[in-house]
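Just below is one structure, and these are the notes that go with it.
The values are calculated or read from the model by the stated rules, or taken from the named source; none is laboratory data. Just so you know, these numbers come straight off a predicted model, no measurement behind them. Positions of Cβ are generated from backbone atoms using ideal geometry, with glycine treated the same way; all protein chains shown enter the neighbour counts.
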Amino acid sequence: MADSRESAVAQAERTGLKPWQRVALEVDLPPRTAAWVLIAHVLTILAPILLIVSVSDHVDYLETVLDRPTLLYVTAGLFIVASVAESAQNTLDRWYLTAVPPTLLDLIFASCVIFGIAFQVLAVAGDVAWIWPAVLAVAGLFPVVYLMGWPTPPFQAVLGVASAVLLYRALDQPIVIFSLITVFFTLYFLDILLKTRQQVMHGFTTFVNAFSVVAIFAAISWAASNEDGWSWPVVVVLAIVLIGGAFAIRPALLRLPATPRRDVAA
């Protein structure tokens, strides 16, 4: 990858390209696709701000239903760092996901997500004596498991389910379950991306992550305002429609052509 970057710079210097043209060489995506991928990353970085706003606006209410609501600020901060690390990882690969190898930036991204979810659990149920050592042990083991090359999805599954269940019990808002549905769609679009190399899927893989934060934001806002929000039938029907539709269009998505990549050495 370093050689490719040097080739791009050398080409730019030889041909006298303008600065914006040199930057375009590094993006290495068709303009519309690049815009979509960039927008998706920016929105995912900004989404945790909604969590900060909701906690700040409703902290008095949250202190009556959560143990330590201010820990959600830590969650938001970790999610922002995770999104920035993921964006940096893709930028270093010229916005083109060629593989999913173990990398330092990917480790930072994944670990921040895990610790962010862990602090969600602690924010709700940190008053239970065994919760802190148990949750921090699970989160702390994640980087070790990642570096050893062992399966990591169980860690996010355990903490994700625990967070969703606890938030639902505290806020009584079924929409928090959408945080689990977004995990499904993240893996769904990532699988299609890796099989097709179609970078439009890259944008969707990133974009859907923002919806878990949006769901928690909505749950807090509705609960604090004593609004009903989405009922279980609405959440279940919407989940079935979305997941069913995803499986229905999957064969068509798998036939998408790979996004063309510029030969920077040419």
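Is segment 167-174 home to any residue that is surrounded by fewer than 17 Cβ atoms within 10 Å (Cβ to Cβ) and either among the charged types (D, E, K, R) or in contact with a His (Cβ under 9 Å, 6 or more places away or on another chain) (or both)?
Yes, the conditions are met somewhere in segment 167-174.
Go through segment 207-266 and count every residue that is in contact (Cβ under 8 Å) with a residue 24 or more places away in the chain, under 19 Å from Leu62 (Cβ atoms), in contact with a His (Cβ under 9 Å, 6 or more places away or on another chain) and not aliphatic (A, V, I, L, M).
The total comes to 1.
Output the residues belonging to segment 225-266 that are basic (Lys, Arg), in a loop (DSSP other than H, G, I, E, B) and at pLDDT 95 or above. Break it down stepwise before answering.
Let us first name the residues in segment 225-266 that are basic (Lys, Arg), namely 250, 255, 261-262.
Filter once more, keeping what is in a loop (DSSP other than H, G, I, E, B): 255, 261-262.
Matches in segment 225-266: Arg255 only.
Out of the residues in segment 5-28 that are modelled with pLDDT of 60 or more and β-branched (Val, Ile, Thr), which is farthest from the chain's Cα centre (by Cα)?
This residue is Thr15.
Quick one: how many residues across segment 194-224 are at pLDDT 95 or above and assigned to a loop (DSSP other than H, G, I, E, B)?
Adding up the residues that qualify gives 0.
Scan segment 135-151 and report the pairs whose first residue is over 16 Å from Ala118 (Cα atoms) and whose second residue is assigned to a helix (DSSP H, G or I), with Cβ atoms within less than 6 Å and a gap of 6+ or a chain change.
From residues that are over 16 Å from Ala118 (Cα atoms), the pairs are Tyr146/Leu107.
Given the conditions (1) buried (at least 17 other Cβ atoms within 10 Å of the Cβ); (2) touching a Gly at 6+ places or on another chain (Cβ under 9 Å), and given that Phe178 satisfies all but one, which numbered condition is not satisfied?
(2)
Given the structure, is Ala76 within 23 Å of Leu29 (Cα to Cα), touching a residue at least 24 places away in the same chain (Cβ under 8 Å) and touching a helix residue (DSSP H, G or I) at 6+ places or on another chain (Cβ under 6 Å)?
Numbers: within 23 Å of Leu29 (Cα to Cα): no; touching a residue at least 24 places away in the same chain (Cβ under 8 Å): yes; touching a helix residue (DSSP H, G or I) at 6+ places or on another chain (Cβ under 6 Å): yes.
Criteria not met by Ala76.
Do we have Leu43 as more than 21 Å from Trp132 (Cα to Cα) and not basic (Lys, Arg) here? Working first, answer last.
Working: more than 21 Å from Trp132 (Cα to Cα): yes; not basic (Lys, Arg): yes.
Judged against the criteria, Leu43 is a match.
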